[in-house]
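J.: Attaching a single structure in structure tokens format; questions to follow.
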């Protein structure tokens, strides 16, 4: 890989980087920082969510951005925003075949290891956490630029740090350190972070400040601590981890093992705070047991190994069959929560297509005792069973509460409070809720962080109604302003991001302009047929989708 050009590197969220730079400038106070944060509602909501998580552990709830800035402090705020910016710089959709969640789980483990080590040796815990999270970001960038190498991820992930660095040079003709250092220069990151990202393997020059040298040593140790849990050769990882902690910080074996024993417990806490999805974490005691058993397992006879394999395969098939039955039942339950196909509600049609066995999207509509029609569309963050569970809870709450709360703004506020009470691993829900009067054709909408609703007339875009409030489950006591308008003889469309991210023939994503073109092209078709035409255009012959797809249409 030749020297990277700035245009090839991922671009950070601009408000986030502006805030990072402002935190280091003289004369910038909490009010100035609060003003910058409030320009980006998504960033503001994320900061409030993280500030109120167990990661910081503040005794009382932080309800405003100015208080969050004051309580967290400018340096910790800088590091926190930088972590969020890096997390959002390369999204999963930009690397469709790459296990991005697994990469961030490994990065989060390094960050947790760095934070635990910093607390023991009295260094800045937040700065060490940030370096641990960012130090291998260059590897993700390399996969982004050379996606034909994605199949090599597992080898890199299971290698020890030294072996991984050598393998990177073989595969990419560069390393995550070199790319990380170039990225730090391009983003104009603080000097000590750029050095730590670019020199935690190579070593620092003689004139490097002592505090920055310590930061690099923490990054090197955190890399080996994390490898204890992920590397294939766990015995080597444990041995080298103990050696480095003793060499750099005078930490002996007992203290080293005590640090490693904390990692699993802190991983879930950090994952919830920063919005990462992580699986069950291995305990250090189990890792040690596996390392000590390696020699014994290598001496098993061929017959014994063959017998064990047969047992494992039988158990796998049994579990797979049981899981398939459970998923089918879950799918049936979800389908029962959607409106019945062919319903009699005049002027309202919708559909939901799941990318997996269960979905995180849903829509609903039903006639009220007033003769009006209540409707909604929603998308739960994440995928899989957790998203499906939150989807089921939210749709049930909507159907129950919506029959007595006829104001969409009040209804969303109530749903927000209910979801916050029992939120699952930092997840949230985007939702648009509304009331439609078929006689007057008046619509009232309220949007909680969802995609804009679109009004079309024949082949022409009339207006869009974007979100002006955060998603449900993030900000306590959030307000959800409503908007009233007459639909006249127009059509109102509500949809989830699975539609915009769907691929047309040739691999191009639909996106907003493609959606408007499809809506215009099929505007003469009957409502149900119109939705079917749109879905057919994005599903293609394979019928495979990257994300759940939901679409709701109301005719004036």
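J.: Quick one: angle between helix 41-51 and the longest Cα principal axis of the chain, in degrees between 0 and 90, rounded to 10, please.
T.: 50 degrees
J.: So, one more: Specify the angular offset, from 0 to 90 degrees and rounded to the nearest 10, of the alpha carbon long axis of helix 302-337 from the longest principal axis of the alpha carbons in the chain.
T.: 30 degrees
J.: Among 109-122, 450-463, what's the highest-first ranking by average C-beta atoms within 10 angstrom per residue?
T.: 109-122, 450-463
J.: Taking the highest mean first, how do the peptides 260-269, 522-531 order by number of other beta carbon atoms within 10 angstrom per residue?
T.: 260-269, 522-531
J.: Right, next: Looking at the square roots a ≥ b ≥ c of the eigenvalues of the Cα gyration tensor of segment 412-524, which shape do they give, rounded for a/c under 1.5, prolate if a/b is larger than b/c, or oblate?
T.: Cα axes put segment 412-524 in the oblate bin.
J.: Report the relative contact order of segment 468-548, percent, no decimals, based on alpha-carbon pairs under 8 angstrom and at least 6 residues apart.
T.: 28 percent
J.: Also, quick follow-up: So if I restrict to the alpha-carbon atoms in the chain, what is the Rg, and what is Dmax, the biggest pairwise distance, in Å?
T.: 26.0, 80
J.: Moving on. How large is the translational diffusion coefficient of segment 18-171 in µm² per second when you combine the Kirkwood radius over alpha carbon pairs with Stokes-Einstein at 4 °C and 1.567 mPa s?
T.: 75 µm²/s
J.: What is the chain's relative contact order, in percent, from Cα pairs under 8 angstrom and six or more apart in sequence?
T.: 11 percent
J.: As a test of the definition: which semi-axes, in Å, follow for segment 91-295 when you take the square root of five times each eigenvalue of its alpha carbon gyration tensor? Largest first, please.
T.: After scaling each eigenvalue by five and taking roots: 24, 21, 17 Å.
J.: May I ask you to derive the FRET efficiency for residue 532 and residue 508 from their Cβ-Cβ distance with R0 = 25 Å, giving the value to the nearest 0.05?
T.: So the FRET efficiency works out to roughly 0.75.
J.: What is the gain in length, in nm to one decimal, between residue 459 and residue 145 on full extension, counting 0.36 nm per residue of separation less the C-alpha to C-alpha distance?
T.: Residue separation times 0.36 nm, minus the Cα-Cα distance, leaves 109.2 nm.
J.: Could I ask something else about it? Once fully extended, how much extra length lies between residue 93 and residue 21, figured as 0.36 nm per residue of separation less the alpha-carbon to alpha-carbon distance?
T.: 23.1 nm
J.: Over segment 421-556, calculate the relative contact order: mean separation of alpha carbon pairs under 8 Å at least 6 apart, over the residue count, as a percent.
T.: RCO, segment 421-556: 25 percent.
J.: Can you give the calculated 222 nm mean residue ellipticity of the chain, where each DSSP H run of n ≥ 4 adds -39,500 (n - 2.57) and the sum is split over every residue, rounded to the nearest 500 deg cm²/dmol?
T.: Here the helix-only value at 222 nm equals -17500 deg cm²/dmol.
J.: Taking just the alpha-carbon atoms of segment 338-555, what radius of gyration and Dmax come out, in angstrom?
T.: Gyration radius and largest Cα-Cα distance of segment 338-555: 16.4, 48 Å.
J.: I need the shape label for segment 10-89. Rule: rounded when a/c is under 1.5, else prolate if a/b > b/c, else oblate, with a, b, c from the alpha carbon gyration tensor.
T.: Cα axes put segment 10-89 in the oblate bin.
J.: OK, next. Per 0.36 nm of contour for each residue apart, how much would the distance between residue 437 and residue 246 grow if the chain were fully extended, relative to their Cα-Cα spacing?
T.: That works out to 61.5 nm of additional length.
J.: Next up: How far is helix 176-186 tilted off the main Cα axis of the chain, in degrees rounded to 10, range 0 to 90?
T.: 60 degrees
J.: Cβ neighbours within 10 Å, averaged per peptide: list 368-381, 387-400 in order, most packed at the top.
T.: Descending packing order for the listed peptides: 368-381, 387-400.
Laboratory data are not the source of any read-out in this text; all were calculated from the coordinates shown. Small disclaimer: the values here were computed from a predicted structure and weren't measured. Here the Cβ is made from the backbone with ideal geometry for all residues, glycine too, and neighbour counts use every protein chain on show.
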